[in-house]
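In what follows, a structure is listed as structure tokens, so that the remarks can point back to it.
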Amino acid sequence: MKIPAKLTDFMVDRLGLDEIFAFAKKKTVPVHKHTFWYYWGGITLFAFIIQVLTGVLLLIYYRPGPDAYESVRQITYDIHFGWLIRSTHNWAANIFLLSAFIHMFSVYFMKAYRQPREFGWWSGVLLLIVGLVFGFSGYLLPMDDLSYFATKIGLEIPNSIPVIGPTIANLFRGGVEVTEYTVQRFFALHAVILPLVFLPLLMFHLYLVQKHGMAVPEAEEEVPVEKRKTMPFFPNFMAKDLAMWLITLNVIAILAALFPWQLGPQADALKPAPAGIHPEWYFMAQFQIMKVMGNVVRGFAGEALGMTLFTLGILLWFIVPLFDMNKQSGRRAKIATYFGLLALGVVLIFTIWGYAAVA
Amino acid sequence: MASFRREASNAPRGANRTMNEEINQPHSEPLDEENEGFTRRGFVKVAIGGVCAAYGVAVGYPIYRYLNSPVEKAEAAAAVKEVNLKDADKLPKGTALVFKFGTHPSLLIHHDDDTWVALDAVCTHLGCTVQYNPQQKQIVCACHGGVYDAKTGENISGPPPKPLTKYVVNVQAGSVTVSRSA
Ligand code: FES
């Protein structure tokens, strides 16, 4: 199975593979007691790859518009292994967001957003936001009762933006109610527009990771450079990355096989919402914050207030590299750490609270 | 480039041996195999290959069945033995009815002499759907001018190489049953 030397030379010359390999080999991965956290970006990437592949497979039978529910019913119950492809797509989506969150928080607490990695941080936060919109837009596509009401509720978020909110929500819905028009445009969003936004951002993000390499956490910074341990990214760390991917694949396969995704009754605008309806876990914190805010400040103002606070938090999260810039652990570094702990705490508490409230 | 390939192919061994050792003996691979016959490395290679193949099948098989699903359904539908056409016994003489036998369009013709004929309507040339021409009392194919006998399905003129498949017709009160001749 050796590739003939002439052919490799041909490829190397014509495609400039030398430079690419040199670029790939340049990076080394620091080895220390927090090295574990370096795998989560790769796991997220792998889950995304699964999303692309299973997404294309679902596209083969999925029909957006008035037929949406029936086509998902066929995929789930008629087409051979359709349930498996659909469940894999759903589970991988959850793994994608979970590992993205873990990746983001580990990057945050390792302070890996500092110079020169600001753009890595910014592109990463944007990728997560696009990932969440992926999750939201994909949720409606089966058009069962849960997805119908979840989308109705979700669109209340843009709706609560002052003045322009209702216009934006209507544009998303393609009307004043969630209908087959909504499915059609959510499908366009989910399968065309978001990938077009996501892929260049992802390439940029990966390029930056390769260019700057992994950051070392503050504790490790104190170790003198000669004493730090590293391993080459290519091929050593990549082999470990691949091993992680295999584990991830197995986990997703087990989840998809043992807990196949269900399809509820068809969405019906005249039927009441199913009891205990709540969003997916990755929107639970927002859902609960809005609910609490709505109770504290009655009416529309409460939701607007919740939205504003939330947006402000994300904005602060986004610009943290401009605030906490120095390598030395100064006052700003501590503030950033506390802010991170606060954010993590708020997300966890409101998520748990949200689940407790619907249980 | 050369060094890239060497390191890449040595990657799985990194777990047992240090990188240094490998770089000092870049040509150890063929020697080992000659001297020891069935080596540990050989075994690991086969094992890894086997695991990869197993994963390939585990992932590939469901995807193949998934993509092939409509084909399997169509094949199942094509395998029907018999079709019952309600009220087809009222078909006027000298006219034809197009119906589906499995997946194929098919023709039921009620001839002037009160005989009934059912034929596959897929042209044996390149698969166009043929039609019954009541004036000429022939079956014609518009694509390349193929002509068939309307009673036997025999290919009379034009490019069709074979006659049309003939079915068995059973006329009873209220319906006509068409079945594959055994
Ligand atoms: S397909 Fe009928 S004559 Fe060619």
Three principal axis lengths of region A:183-336 [C-alpha, angstrom, descending]: 69, 44, 30
Cross-link partners of A:K229 among lysines (Cα-Cα below 22 Å; sequence separation of 8 or more within a chain): A:K25, A:K26, A:K27, A:K33, A:K111, A:K211, A:K240, A:K327
Neighbouring partner chain Cβ atoms per residue of A:72-79, average, 10 Å criterion: 2
Bins of 10 Å from zero: percent of alpha-carbon pairs in region A:96-189: 15, 37, 25, 19, 4
Estimated FRET transfer efficiency when R0 is 60 angstrom, pair A:A188-B:D114 (beta carbons, to 0.05): 0.55
Angle in degrees between helix A:82-109 and the longest Cα principal axis of chain A, rounded to the nearest 10: 60
Shielding by partners, peptide A:83-95 (average Cβ within 10 angstrom, other chains): 1
Pairwise centroid distance, computed over Cα atoms, of region A:267-321 with region A:6-21, Å: 52
Computed [θ] at 222 nm, helices only, for chain A once each DSSP H run of length n ≥ 4 contributes -39500 (n - 2.57): -22500 deg cm²/dmol
Reference-scaled alpha-carbon Rg (2.2 N^0.38 Å with N residues) for region A:127-254: 1.54
Full-stretch length increase - A:L258, A:I129 - with 0.36 nm per residue and alpha-carbon distance subtracted: 43.5 nm
Whole-number Å³ per residue for the convex hull built on Cα positions in region A:55-132: 97
Part-to-part distance (alpha-carbon centres) for region B:104-129 and region A:119-157, which is given in Å: 55
Per-residue HN-Hα couplings for region B:38-46 [Karplus 6.51, -1.76, 1.60; θ = phi - 60°; Hz; x = Gly/Pro]: 7, 9, 4, 5, x, 5, 4, 4, 4
Centroid-to-centroid separation of region A:205-265 and region A:58-87 [C-alpha atoms, Å]: 32
Filtered GluC sites (Glu not before Pro), region A:142-226: DSSP coil and at most 16 other beta carbons within 10 Å: A:E177, A:E222
Equivalent ellipsoid dimensions for chain A as semi-axes, Å, which come from the Cα gyration tensor, largest first: 38, 29, 18
Cα convex hull of region B:109-150 - mean projected area over all directions, nm²: 2.8
Shielding score for A:241-254, defined as the mean number of other chain Cβ atoms within 10 Å: 1
Spin-label proximity, A:I335 to region A:308-328 - amide N less than 11 Å from point 7 Å beyond Cα toward beta carbon: A:323-325
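Values in this text are rule-based calculations from the coordinates and carry no lab data. As the structure is a prediction and not an experimental result, all values here were calculated from the model. Cβ: placed from backbone, ideal geometry, glycine included. Neighbour counts: every protein chain shown.
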